[in-house]
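Input: a single structure, listed below in structure tokens.
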């Protein structure tokens, strides 16, 4: 520094013109040193100063120190904020001039560190000197100016630089502090604002209260401790509570809350209140108007002041009953819906648009044997039968693209791999924009239907084949004569449609000449049900009429009603033609024609053929020579030749007419069946002279017969395949047919079983009965309907239903019996197990050691078990219906009957205590008879089931117990008198003492001279007062101990407690017990016997006092407190005694249980009886500290039971 | 100038006693002061001024015998007559043994009281 100063001085010396004044120089340096020292001391003055203060101090110091014309400092305190500036201006300049000049210069903002300039101020130009404050991060700068031309001198620069550094250091410290302070100020401002708002809101609170009062919801406020301080009219009107009541304590309003919700409400409430947080709870509250509970949402929010202090809670109670019920209904409906979906007899699922399963019902899971998760993510195609898949895919694709419902029948694979037929229906669910959102799918199992359909189709096809192969026109007709089914031959013959044929009356299918007759015959048959048999002509397709024999028979149901007509029309045209030809020939050929049929021949008596008609020869394609003699035999079918020859020879030998059939080869090699008939011509002596024979072409008939046989085979097949055993017998019962099933079942052959052989398959136990039944039926001709067991081929017997009906001819004579055996083993076994179960149940009811009975829904007794009958000694028929009244004591009958009648009407459970006759000792005993209705699904009574329980002994013991309790109560009174003797003596002695003393004083005053009359009067008055007091004591004692009657009155438990405290006070004091009372101001009155309750209190006080006898290390404190808890008035008796072992809490109330050496153990037991007879309860609990609390509470609306005296 | 009367202090929590007994004592020629509890008496500043004390045995707070013991502890030798409404012979005996002049059972006659007072004053 010295060097620098020296150099400066040298420079200075060089710069200035005048000679160096050493003394002046020394003075200047000294001044500089002083200035530096002063600058270095500045931070001490800046301690705890704010930046503005620091800058002001800096400016003031330097202005004085350096005799400046102005000093300006600017510091940026906070980026974005206005910089802090201090300007000091000395004479002769004005602030405005300096500011203008500075602004111009500072605009340039381009200076070195430090920088100097000269600026014009007013008329004068003066030097400016600028130094930055802060080196690393510049905070601002200072500018100093002086009119002195030498400014700034070296020493002045030094002082300004050091001052700038000192200011920088001080500002670094002061800025954060300043920041904090500013924030604190801002906070203060906000708080003030909040406070203002609170104040304003308080001003508005009156308005708010008005508003709240008239809100259409229950609104309320709570003090921070939870006590309501405002409740609007809505709640008060709803609950019927008064404002005073609600305000009386925090939980008063909860008396309106449903008992089931109260604990939850209380918990929420206190959680909210104690934590100071918002709370909400849903409860049911009682509407005073109609006594119904409605759901409410109670919610409250805490209201706090600016400092966060809890001011109060503001709450509302909103009626949400309708929403709740709607929710409940929705839930029920959803449940129902789910139940419905799960009980739909089909598989139900929903799929998304891509066909992936979303939701499904139980049946679907069970069918596919997969879990819900497995099925989701599964595709329907995974379950479809491969053969059906192409069609399913096609239909599904079509549905997806068009959105039309999907309805396809296909097979789905079940869990066990078996495919079953399903009808699958799906409907699309569309979005708002019409795109498909998903599908609802229903799969219905139609396997059975499919099978049945197929069987039906097969059966129809079979029948159709039969019909179509019958060589005739076969048709079925409705009972009214409309054509139903017509065989193929109809169409072929007539060359018409079935419709045209069915409409035969109006078309030309029947020859016009025959039509009216046919209609008449047809109509008659339909009307009378007699079979139709007519011949008429049908128009063939080629326009030729041919004769047909038409036969129609009706089929009837079990009720003999015609269900259908079956018709067969056989072409008999040829036959008729032949007949006509014969007749013509007859006419022509007289005798021969009369004897010889169309195809005719004759033989000699030995059979040698000597004539064959042309017809015969033409047919066979033989010449007469080729056929004559025995040669015609070559035209006979080889299979028939032997039989025919044998027959012919036999007839020749015996002379009997020939009647046989055989096939004759036609000229074209085709064999046709012929009927061979021949009669011998005898001479007068009876000798055969000739045989005349005919051959009638019966090929058509044969064909028909064959068809018929085929039919018969079918029938037999049907009979053999129908799922039952079938048989037929002759009118005498001789079995001539048994179907294959019958034989298969029994393992018997047809030979073994026919006739009466079948009976070996009948169970030995059943055979005799069955045979007798069968013989009766045969004799009477009535239908058979009987059950018996049949032995299966494997030896197992199964139950069968035997049914048979006779077939009668027109005269009513039985032609045949047709019968079936139906396997009813399953049903029989089910019946048997049911019977066994019933038997078991009966056994149970007959063996359990209870008396049981049942009644029909109308109340008529229909069953009494043996035990009940044994007990009463009555017979079942004496008790049934309303005979039960005979069992009861005459005095009880009326009441019991009335109650029973009411129960039967309403379905309410029946329970009466009645005296029932007991036969063993010929007395009536007390029994409880009760019954409950058994309801069906619709809730109708199906049955009443009841019991009778003998409770005579129990009832007697109850009576005895009551007597014992009563006796004990008397004992306790006596004991209490004994225990209270000292107290009584004291209570009486005190006023007596006063009386005697006052009386003595009075006498003395009167005897004095002069007599002190005023004093005597006063003492006499005191005598009277003390006498009254003594009388009061006596009266109180008398009511407490001489009591006989129960006297129910409105009792103030506070008052009762005060009286007992007064009575016991002396003894308690003697035991050094400090008595404290906390009696609730608004304790409701209760109904009860005041004296009984006082005995309880007395007992509890004495126990408390006794429990504290041994306590010497703490005050013997007895606190008697009363309180309201909901509807109950409660009395707490709390002591600081030895307490009791928690293990014996309940035993404390047992009779003869005592922890005291001299106790009897009846006090608490009786006290509890008394309290419970008031509908209340008495309990004991340990204290948090030493001692115990006994308490009892009694409902305000209690009704005293008069069973404890 | 009247002869200075002997002062009898009565301590009893029963108001009727505090009313009636001073009047009787006045009639009998004594000056009397009544206190409602032992504590009131001890704080009255008149502990050692009485010529005789009549103390109730059973009182809320400090009992009569306890007060008697406390007085003896403080060196106060004033004769004591106990009065009590309890027929409790054991307590009565105990008080006599501890130095009481007499123990009167309420109600007592003026004669009995006079006799006890005379005995007490003799003892003093």
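Considering only region A:712-731, state which residues are touching a residue at least 40 places away in the same chain (Cβ under 8 Å) and either under 53 Å from the mean Cα position of the chain (by Cα) or buried (at least 16 other Cβ atoms within 10 Å of the Cβ) (or both). Hits for region A:712-731 are A:724, A:725, A:726, A:727, A:728, A:729.
Condition check ((1) out of contact with any helix residue (DSSP H, G or I) (no Cβ under 9 Å at 6 or more places or on another chain); (2) touching a residue at least 24 places away in the same chain (Cβ under 8 Å)) across all residues:
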site: A:778; (1), (2): yes, yes
site: A:783; (1), (2): no, no
site: A:797; (1), (2): no, yes
site: A:803; (1), (2): yes, no
site: A:809; (1), (2): yes, no
site: A:812; (1), (2): yes, no
site: A:821; (1), (2): no, yes
site: A:835; (1), (2): yes, no
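Being under 13 Å from the mean Cα position of the chain (by Cα), surrounded by fewer than 20 Cβ atoms within 10 Å (Cβ to Cβ) and within 25 Å of residue A:998 (Cβ to Cβ): is that true of residue B:60 here? So residue B:60 does not fit the description; no. Just to be sure, is residue A:892 closer than 30 Å to residue A:720 by Cβ and buried (at least 16 other Cβ atoms within 10 Å of the Cβ)? No. Residue B:13 passes every criterion in (1) more than 14 Å from chain A (Cβ to nearest Cβ); (2) part of a loop (DSSP other than H, G, I, E, B); (3) within 16 Å of residue B:82 (Cα to Cα) apart from (1). Please verify whether region A:1166-1176 includes one or more residues that are at pLDDT 90 or above, in contact with a helix residue (DSSP H, G or I) (Cβ under 7 Å, 6 or more places away or on another chain) and more than 16 Å from residue A:1103 (Cα to Cα). Checked against the condition, which is being at pLDDT 90 or above, in contact with a helix residue (DSSP H, G or I) (Cβ under 7 Å, 6 or more places away or on another chain) and more than 16 Å from residue A:1103 (Cα to Cα), region A:1166-1176 yields no hits at all. Residues of region A:1064-1090 that are under 21 Å from residue A:1130 (Cα atoms) and touching a residue at least 60 places away in the same chain (Cβ under 8 Å): A:1064, A:1082, A:1084, A:1085, A:1086, A:1087, A:1088, A:1089.
For region A:612-645, a residue qualifies if it is within 16 Å of residue A:691 (Cβ to Cβ) and surrounded by fewer than 18 Cβ atoms within 10 Å (Cβ to Cβ), and the qualifying residues are A:628, A:629, A:630, A:633, A:645.
Any residue in region A:1111-1121 that is surrounded by 16 or more Cβ atoms within 10 Å (Cβ to Cβ) and at pLDDT below 90? Among the residues of region A:1111-1121, at least one is surrounded by 16 or more Cβ atoms within 10 Å (Cβ to Cβ) and at pLDDT below 90, which makes the answer yes. Scanning region A:404-415 for any residue that is without any contact (Cβ under 8 Å) to a residue 24 or more places away in the chain, in contact with a strand residue (DSSP E or B) (Cβ under 6 Å, 6 or more places away or on another chain) and in a helix (DSSP H, G or I) turns up nothing.
Consider residue A:1086 carefully, then state whether it is in contact with a helix residue (DSSP H, G or I) (Cβ under 9 Å, 6 or more places away or on another chain), within 14 Å of chain B (Cβ to nearest Cβ) and modelled with pLDDT of 85 or more. Answer is no for this residue.
This table checks each residue for (1) out of contact with any strand residue (DSSP E or B) (no Cβ under 6 Å at 6 or more places or on another chain); (2) within 14 Å of chain B (Cβ to nearest Cβ); (3) on the phi > 0 side of the Ramachandran plot.
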position: A:1051; (1), (2), (3): no, no, no
position: A:1067; (1), (2), (3): yes, yes, no
position: A:1076; (1), (2), (3): no, yes, no
position: A:1082; (1), (2), (3): yes, no, no
position: A:1099; (1), (2), (3): yes, no, no
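Could you check region A:633-672 and list, in sequence order, the residues that are touching a residue at least 24 places away in the same chain (Cβ under 8 Å), within 17 Å of residue A:605 (Cβ to Cβ) and touching a helix residue (DSSP H, G or I) at 6+ places or on another chain (Cβ under 8 Å)? Hit for region A:633-672 is A:658, nothing else. Just one of the listed residues (A:1063, A:1093) is under 54 Å from the mean Cα position of the chain (by Cα) and either buried (at least 21 other Cβ atoms within 10 Å of the Cβ) or within 20 Å of residue A:1180 (Cβ to Cβ) (or both), and it is A:1093.
Given the criteria modelled with pLDDT under 90 and more than 14 Å from chain A (Cβ to nearest Cβ), does residue B:3 qualify? Against the criterion (modelled with pLDDT under 90 and more than 14 Å from chain A (Cβ to nearest Cβ)), residue B:3 qualifies. Residue B:24 meets each of the listed conditions (1) free of Cβ contacts under 8 Å to residues at least 60 places away in the same chain; (2) within 18 Å of residue A:990 (Cα to Cα); (3) buried (at least 18 other Cβ atoms within 10 Å of the Cβ); (4) within 10 Å of chain A (Cβ to nearest Cβ) apart from (1). Among residues that are surrounded by fewer than 20 Cβ atoms within 10 Å (Cβ to Cβ), at pLDDT 85 or above and more than 13 Å from residue B:21 (Cα to Cα), residue A:1020 is included.
Within the span defined as region A:79-98, one or more residues are crowded, with 18+ Cβ neighbours inside 10 Å, in contact with a helix residue (DSSP H, G or I) (Cβ under 6 Å, 6 or more places away or on another chain) and closer than 21 Å to residue A:138 by Cα.
With A:1013, A:988, A:928, A:912 as the choices, which residue is away from chain B (no Cβ under 14 Å) and either surrounded by fewer than 17 Cβ atoms within 10 Å (Cβ to Cβ) or modelled with pLDDT under 90 (or both)? Give the derivation first.
Values: A:1013 fails: away from chain B (no Cβ under 14 Å); A:988 fails: away from chain B (no Cβ under 14 Å); A:912 fails: either surrounded by fewer than 17 Cβ atoms within 10 Å (Cβ to Cβ) or modelled with pLDDT under 90 (or both).
It is A:928.
Among the residues in region B:30-43, are any crowded, with 17+ Cβ neighbours inside 10 Å, farther than 28 Å from residue A:1022 by Cα and away from every other protein chain (no Cβ under 13 Å)? Yes, region B:30-43 contains a residue that is crowded, with 17+ Cβ neighbours inside 10 Å, farther than 28 Å from residue A:1022 by Cα and away from every other protein chain (no Cβ under 13 Å).
The values are calculated or read from the model by the stated rules, or taken from the named source; none is laboratory data. Quantities reported herein were computed from a predicted structural model and do not represent experimental measurements. No Cβ is skipped: glycine too gets one built from the backbone with ideal geometry, and neighbour counts run over all protein chains shown.
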